[in-house]
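Q: Just passing along the structure, written as structure tokens.
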Amino acid sequence: MTAPVLVAVAHGSRDPRSSTTVRALVDLVRERAPGTDVRPAFLDFDHPGLTDVLAGLGDRPAVVVPLLLGSAYHARVDIPAIVAATRPDVPVADVLGPDPALLDVAAERLGELGLTPGDPGLGIVLAATGSTHAAANEVVHRLAARWPGTLAGFATATPGIGHAVARLRAQGAERIAVASWFLAPGRLLDRVHEQAGAPVAEALGAHPAIADLVITRYRRALTSHLLRAA
């Protein structure tokens with residue numbers, strides 16, 4: 001039996017660096033899941049769109065895996081609506097976050113700056129996009145709490161990056177660094193750089209641990225779907 005298609009759907013961006021990173025991650029997933037047809041899709045700005053990818057599959061079985069770090073509007077509304085309108089038989093996997101593997105990758109990216117959570121005198125901002133969905137922001141706050149001397153900050157929500165940096169300095173941090181809770185580079189991460197006034201780690205990117213997490217989400221969604229259908 002041929003494995004269902006893995007449709008990896010990202011938000012999409014006007015910044016080509018984002019698309020390049022997403023496609024590199026999809027290539028890595030293909031390498032680590034031999035025999036599985038893995039296809040990229042986007043919600044906005046980039047092509048192919050999720051609707052077109054799903055429609056192009058005909059009646060082939062598939063699983064949609066959101067390449068999203070949080071369960072905000074795109075995960076809760078946009079993707080389910082597109083799937084329901086195009087291929088309602090296709091299961092949608094959980095978002096990637098807040099799996100501990102992602103936080104490990106964020107720490108690894110921070111390590112590329114020569115810094116480690118818990119370093120004496122180091123204050124860290126765990127920087128994320130931010131959402132109008134408070135529960136999605138709270139997840140980032142909980143993740144930040146796992147590292148000593150770390151606060152969450154958001155590019156498009158409160159507390160902003162500058163506010164988080166100021167709080168860390170008020171708490172006695174001698175040095176500040178920013179860890180990225182972004183899958184790919186783009187305009188929002190550029191905004192973090194502008195607001196931080198401190199070293200900023202690279203986006204999580206096309207990392208083997210993230211590719212493996214995509215595959216895990218795919219397999220879990222497929223198993224749950226098959227059990228429900230049995």
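Q: From the list A144, A136, A184, which residue is modelled with pLDDT under 95 and within 25 Å of L213 (Cα to Cα)?
A: Exactly one residue qualifies, and that residue is A136.
Q: Same structure again: Which of the residues belonging to the range 1-44 are of a type outside the set (G, A, S), surrounded by 15 or more Cβ atoms within 10 Å (Cβ to Cβ) and out of contact with any helix residue (DSSP H, G or I) (no Cβ under 8 Å at 6 or more places or on another chain)?
A: V5, R17, T21, V22, R23, V26, R30, D37
Q: Turning to a different aspect of this structure: Which of the residues that make up the range 193-230 are part of a helix (DSSP H, G or I), of a type in the set (V, I, T) and within 22 Å of the chain's Cα centre (by Cα)?
A: I210, V214, I215, T216
Q: Take the conditions out of contact with any strand residue (DSSP E or B) (no Cβ under 7 Å at 6 or more places or on another chain), in contact (Cβ under 8 Å) with a residue 12 or more places away in the chain and farther than 17 Å from L69 by Cβ and apply them to G160. Does it pass?
A: No; evaluated as a whole, the condition is false for this residue.
Q: Still on this model: Has the range 143-153 got at least one residue that is free of Cβ contacts under 8 Å to residues at least 24 places away in the same chain and surrounded by 13 or more Cβ atoms within 10 Å (Cβ to Cβ)?
A: Yes, because at least one residue in the range 143-153 is free of Cβ contacts under 8 Å to residues at least 24 places away in the same chain and surrounded by 13 or more Cβ atoms within 10 Å (Cβ to Cβ).
Q: Right, something else. Residues of the range 65-123 being in contact (Cβ under 8 Å) with a residue 24 or more places away in the chain, within 19 Å of L222 (Cα to Cα) and of a type in the set (G, A, S), which ones?
A: Answer for the range 65-123, where residues must be in contact (Cβ under 8 Å) with a residue 24 or more places away in the chain, within 19 Å of L222 (Cα to Cα) and of a type in the set (G, A, S): A93, G97.
Q: Only residues in the range 27-52 that are closer than 12 Å to V63 by Cβ count as the first member; pair them with residues that are of a type in the set (D, E, K, R), Cβ under 7 angstrom, at least 6 apart or cross-chain, and list the lot.
A: If the second residue must be of a type in the set (D, E, K, R), the pairs left are V38/R30.
Q: May I pose another question? Restricting attention to the range 46-62, does a residue exist that is of a type in the set (S, T, Y) and farther than 12 Å from V214 by Cβ?
A: yes
Q: Could you pull out the residue among L110, L67, L126 that is of a type outside the set (D, E), closer than 23 Å to V192 by Cα, crowded, with 20+ Cβ neighbours inside 10 Å and not assigned by TED's automatic domain parsing to the domain that holds R146?
A: Criteria check complete, one pass: L67.
Okay, residues lined up against (1) out of contact with any helix residue (DSSP H, G or I) (no Cβ under 9 Å at 6 or more places or on another chain); (2) closer than 14 Å to A155 by Cβ; (3) without any contact (Cβ under 8 Å) to a residue 60 or more places away in the chain; (4) in the same structural domain as G35 (by TED's automatic domain parsing):
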| site | (1), (2), (3), (4) |
| --- | --- |
| A179 | no, yes, no, no |
| A184 | no, yes, no, no |
| R187 | no, yes, no, no |
| V214 | no, no, no, yes |
| R217 | yes, no, no, yes |
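Q: Let me spell it out: the conditions are (1) charged (D, E, K, R); (2) in contact with a strand residue (DSSP E or B) (Cβ under 6 Å, 6 or more places away or on another chain); (3) modelled with pLDDT under 95, and R30 meets all of them except one. Which number is the exception?
A: All conditions are met except number (3).
The values are calculated or read from the model by the stated rules, or taken from the named source; none is laboratory data. If you're wondering where the values come from, they're calculated on a predicted model, not measured in any experiment. We place every Cβ from the backbone using ideal geometry, glycine too, and count neighbours over all the protein chains shown.
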